[in-house]
Amino acid sequence: MESNKWKKRFFFCFVQCIFSIMFFILFGSKGNSTEKIPQRSELTFRPESSQLTILLWTWPFNYHFPLNDCPTDLDSSGCFFTVNRSLYPSANAVIIHHREVYKNKSILPQIPRPTNQYWIWFNKESRSHSPNLHIMENLINLTMSFRADSDIFTPYGRLERNDGSQNFTIPVKSKLVAWVISNWNKNSKRYKYYSKLKKHLNIDVYGSKTKVLSHTNTLETLSQYKFYLAFENSIHEDYITEKLWSNSLLSGTVPVVLGPSRKNYERFIPSDSFIHVEDFSTPQKLALYLLELDKNDERYRQYFNWRSRLQPMKNRIDCVSDYCRVCKVLKEAPPYKTIPSIDTWFR
């Protein structure tokens, strides 16, 4: 009897252990892990031998998006995009987004670089918001940014020829001036200009500290305004962001721009498509001009004449279009070079 009693106890303990192990396998690791579980396409897929492997060292702004999903107008055939760092030794190129690595050079690849592997420096921010550029000295082979002189030019938007299939109609206007601002820095040039301008006309301001603007109806809301303040957070060559391309041009308003020079803007958009603050000696004179246009429909409509031949296009916010441009450049086999100082070039 005593022997049977111990056998039952042993069997009970054995069954209990089995259930505990199964419970931990199924549920234990899920509850405690904060690390994102990699998708199958990120880890297990491998490039074909004839493909160029392009490794994203980090997700830009920690924003995850489908890889190998390039738009049809950006031919990515022959290229394989991945975030799988185990493929680093065989990668043809590594894209390094500055925002995620600038704090510590140790975040960069630490093992020896394969022969002729391109390191591509990618940046969406202006010089004013790109610290520690010196850590990239003698490491980068290709540049990729909004600057037109980049090896891989990735603007925030662009114009395409209107083939006549789309007729543009100026949206119905019921309001005068709008401005969307996320970084409410009262020491910035754009805020100081706004503070003077608002004394002479009404400006509806949207943002976290003012009116809330839903992402789902941003363009619809802004389209009700005649003018939009496309004020950049800093002034640098070619730094023309979604404030112009999306908030203004795509919404069908006339942009009032504060950024690089008028001449710089005219490299990308028609001279009669926007109003530059530099065209006026004071904010008050700009305000008077906007009020005059508000009363003169014919003169106001002239700012949309260009829409009969061109249409604005905005790059996808998830950077897919930017990365897809890398494929085209690499297939052209650019000369291998080392840039001594990104800090000097990005001035």
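Per-structure values
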read-out: Test set (1) touching a residue at least 24 places away in the same chain (Cβ under 8 Å); (2) out of contact with any strand residue (DSSP E or B) (no Cβ under 9 Å at 6 or more places or on another chain); (3) more than 30 Å from residue 226 (Cβ to Cβ) - residue 97 fails condition number; value: (2)
read-out: Of the criteria (1) surrounded by 13 or more Cβ atoms within 10 Å (Cβ to Cβ); (2) farther than 20 Å from residue 201 by Cα; (3) charged (D, E, K, R), which one residue 301 fails; value: (1)
read-out: Test for residue 161: is it surrounded by fewer than 16 Cβ atoms within 10 Å (Cβ to Cβ) and either in contact with a strand residue (DSSP E or B) (Cβ under 7 Å, 6 or more places away or on another chain) or outside the structural domain of residue 274 (by TED's automatic domain parsing) (or both); value: yes
read-out: Selection count, region 100-138, where residues are part of a loop (DSSP other than H, G, I, E, B), touching a strand residue (DSSP E or B) at 6+ places or on another chain (Cβ under 9 Å) and touching a residue at least 40 places away in the same chain (Cβ under 8 Å); value: 6
read-out: Members of region 206-254 that are on the phi > 0 side of the Ramachandran plot and either of a type in the set (S, T, N, Q) or within 17 Å of the chain's Cα centre (by Cα) (or both); value: 238
read-out: Hey, residue 196 in contact with a Phe, Trp or Tyr (Cβ under 9 Å, 6 or more places away or on another chain), in the same structural domain as residue 297 (by TED's automatic domain parsing) and at pLDDT 95 or above or not; value: no
read-out: Flag if residue 216 is farther than 27 Å from residue 281 by Cα, in a helix (DSSP H, G or I) and either at pLDDT 95 or above or outside the structural domain of residue 280 (by TED's automatic domain parsing) (or both); value: no
read-out: Region 164-193, subset small (Gly, Ala, Ser) and out of contact with any strand residue (DSSP E or B) (no Cβ under 8 Å at 6 or more places or on another chain), residue modelled with the highest pLDDT; value: 174
read-out: Which listed residue, of 158, 147, is out of contact with any Leu (no Cβ under 8 Å at 6 or more places or on another chain) and part of a loop (DSSP other than H, G, I, E, B); value: 147
read-out: Region 242-268: number of residues that are in a loop (DSSP other than H, G, I, E, B) and either hydroxyl-bearing (Ser, Thr, Tyr) or touching an Asp or Glu at 6+ places or on another chain (Cβ under 7 Å) (or both); value: 5
read-out: Lone qualifier among 156, 191 - being in contact with a helix residue (DSSP H, G or I) (Cβ under 6 Å, 6 or more places away or on another chain), of a type in the set (Phe, Trp, Tyr) and either buried (at least 19 other Cβ atoms within 10 Å of the Cβ) or free of Cβ contacts under 8 Å to residues at least 60 places away in the same chain (or both); value: 156
read-out: Criterion: within 30 Å of residue 237 (Cα to Cα), outside any strand (DSSP E or B) and modelled with pLDDT under 95 - qualifying residue of 61, 45; value: 61
read-out: Meets criteria (outside the structural domain of residue 201 (by TED's automatic domain parsing), in contact with a strand residue (DSSP E or B) (Cβ under 6 Å, 6 or more places away or on another chain) and either modelled with pLDDT under 95 or crowded, with 17+ Cβ neighbours inside 10 Å (or both)) for residue 329; value: yes
read-out: Meets criteria (over 30 Å from residue 55 (Cβ atoms), surrounded by fewer than 18 Cβ atoms within 10 Å (Cβ to Cβ), at pLDDT 95 or above and of a type outside the set (Lys, Arg)) for residue 293; value: no
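The values are calculated or read from the model by the stated rules, or taken from the named source; none is laboratory data. Note that the structure is a prediction, hence the values are computed from the model and not measured. Here Cβ is always computed from backbone atoms with ideal geometry, including for glycine, and neighbour counts include all displayed protein chains.
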